[in-house]
1. Would you say residue 51 is surrounded by 12 or more Cβ atoms within 10 Å (Cβ to Cβ) and under 9 Å from the mean Cα position of the chain (by Cα)?
2. Quick check on the range 20-28. Is at least one of its residues loosely packed, with under 14 Cβ neighbours inside 10 Å, in contact (Cβ under 8 Å) with a residue 40 or more places away in the chain and within 29 Å of residue 1 (Cα to Cα)?
3. Can you name the residue in the range 17-36 that is at pLDDT 90 or above and in a loop (DSSP other than H, G, I, E, B) and is also nearest to residue 79 (Cα to Cα) among such residues?
4. For residue 72, state whether it is farther than 16 Å from residue 4 by Cα and modelled with pLDDT of 95 or more.
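The values are calculated or read from the model by the stated rules, or taken from the named source; none is laboratory data. The model shown is predicted, which means the values in this text are computed figures rather than measured ones. Virtual Cβ from ideal backbone geometry, glycine too; neighbours counted across all protein chains shown.
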């Protein structure tokens, strides 16, 4: 069944396991001071891993050239930029 789930993110690299063959990342934002990613997934499908990189303004972006930019969020005085892709 298609459902929207949220996933908590932290600065740096992480791997999310999301069910579904057609994962649709809807947006990123901040909820209660925490960076959150919302995705539409199919709860009845096998899980797939996606890489997520959360980088701060001014950080070096080495290795992110082929990644997909999802969005930018601000938590207090810090600004974070979220990308998805595969760590190479």
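1. In short, yes.
2. Yes, the range 20-28 contains a residue that is loosely packed, with under 14 Cβ neighbours inside 10 Å, in contact (Cβ under 8 Å) with a residue 40 or more places away in the chain and within 29 Å of residue 1 (Cα to Cα).
3. By that ranking, first place goes to 33.
4. The answer is yes for residue 72.
Residues are listed down the side, and each one gets a yes or a no for (1) over 20 Å from residue 86 (Cα atoms); (2) out of contact with any strand residue (DSSP E or B) (no Cβ under 6 Å at 6 or more places or on another chain); (3) loosely packed, with under 12 Cβ neighbours inside 10 Å; (4) touching a residue at least 12 places away in the same chain (Cβ under 8 Å):
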residue	(1), (2), (3), (4)
16	no, no, no, yes
30	yes, no, no, yes
42	yes, no, no, yes
46	no, yes, yes, yes
58	yes, yes, yes, no
